[in-house]
Amino acid sequence: MQGPVIEGVDEIWAGWCHEGAAAELVRSLKYGRITATVTPIADRMASVAAAAQAADVVTWVPCSPARRRQRGFDPAELLARALARRLGLRAHRLLRRLDDEPQTARTREGRMAGPRLADRPGRVRGSVLVVDDVCTTGSTLRVAAAALRAGGATAVAAAVATMAPEAPRQPVALPIP
C-alpha cells in the first residue's frame, strides 16, 4: 500500500488491519490481560516482518507507567521480545516514556501530538525495529522514530500487530484476510 509517510519511519509492517477478530485479539492482550495472545500475534508479525531481520535491534514503544502498573506488563514489550526471538534479533529497551497519560485518554490533538518519548542515552545505534501494538494515527511511531534517530539510530523500521484502516499508509505489508 502507498500513501503518506510516517515521518522518520523508513518502512512499516502490520500483522492485520485493526478490525474484527484481529482487533479483539489485541484488545484481549491490552485490556483482558490474556498474555497467551502474544504467541499468535508475534507469529503473524514475524510472518509479515521477515525483512526486518536486517535490523540490529528490536525495541518497543513503552506504555504509560500507569498502564504498566495497572496491567502488570507492557503489551508492546511482550510483543517486541517475542518478535525479536522469532527474527533471531536482540531486544533492548531503547525508549523511555516522559509522560504518564495513555494515548486512549488524550484528546484528538493530544493523540496527534503523540506521547513524550526520549531515547535511553548511549544505547541507540544502527538500524532499529520499533514495535507497538496498534497504529492508529501514526503519531506514536513518528515520536518514537524521532527519539531513536536523535539517539543515534541510522534507520528506523516499525512493526505493529494491527493498523487502523484510516492510519497513514506507506510501503507496508498489510495482509487483509
Within the range 19-109, list the GluC sites (Glu not before Pro) lying in a DSSP loop whose Cβ has at most 16 other Cβ atoms in a 10 Å radius. GLU19
Report the rotationally averaged projected area of the range 1-49 based on its alpha-carbon convex hull, in square nanometres. 4.3
Can you give the three extents of the C-alpha atoms in the range 1-83 along their principal axes, from longest to shortest, in whole Å? 35, 27, 24
In deg cm²/dmol, rounded to the nearest 500, the helical mean residue ellipticity at 222 nm of the chain, built from -39500 (n - 2.57) for every DSSP H run of length 4 or more, is -10000 deg cm²/dmol
With an 8 Å Cα cut-off and a minimum separation of 6 or more residues, compute the relative contact order for the range 1-150 in percent. 27
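So, by mean Cβ neighbours within 10 angstrom, what's the order for 30-40, 114-124 with the highest one leading? Write down the numbers at each step before the final one.
Numbers: 30-40: 13.9, 114-124: 16.5.
Put in order of decreasing packing, that is 114-124, 30-40.
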What does DSSP give for the chain in terms of the percent of beta bridges that are antiparallel, rounded to the nearest 5? 10
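Might you report the magnitude of the Cβ-based charge dipole of the chain about its Cα centre, with Lys and Arg at +1 and Asp and Glu at -1, to the nearest 20 debye?
Numbers: 25 positive and 17 negative charges, 129 e Å.
Roughly 620 debye, rounded to the nearest 20.
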With +1 on the Cβ of every Lys and Arg and -1 on the Cβ of every Asp and Glu, and nothing else charged, how large is the dipole of the range 1-79 about its Cα centre, in debye rounded to the nearest 20? 580
Can you give me the Cα centroid spacing of the range 50-77 and the range 116-157 in angstrom? 11
Which far-off residues, 5 or more places away or on another chain, put their amide H under 5 Å from the one on LEU117, with H placed in the peptide plane? LEU98
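Starting from the Kirkwood Rh over alpha-carbon pairs, what translational D in µm² s⁻¹ does the chain have by Stokes-Einstein at 10 °C and 1.306 mPa s? Intermediate results must be reported in sequence, preceding the final value.
Working: Rh = 15.7 Å.
Reported coefficient: 101 µm²/s.
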Can you give me the solvent accessible area of HIS92 with a 1.4 Å probe, rounded to the nearest 10 Å²? 70
So, with points 7 Å from each Cα along the Cβ direction, the ALA51-THR39 label distance in nm works out to 3.0
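The values are calculated or read from the model by the stated rules, or taken from the named source; none is laboratory data. Please read all numbers here as calculations on a predicted model, not as lab measurements. We place every Cβ from the backbone using ideal geometry, glycine too, and count neighbours over all the protein chains shown. Side chains included, ligands, DNA and RNA excluded: accessible areas come from the protein's heavy atoms. Shrake-Rupley method; radii C 1.70, N 1.55, O 1.52, S 1.80 Å.
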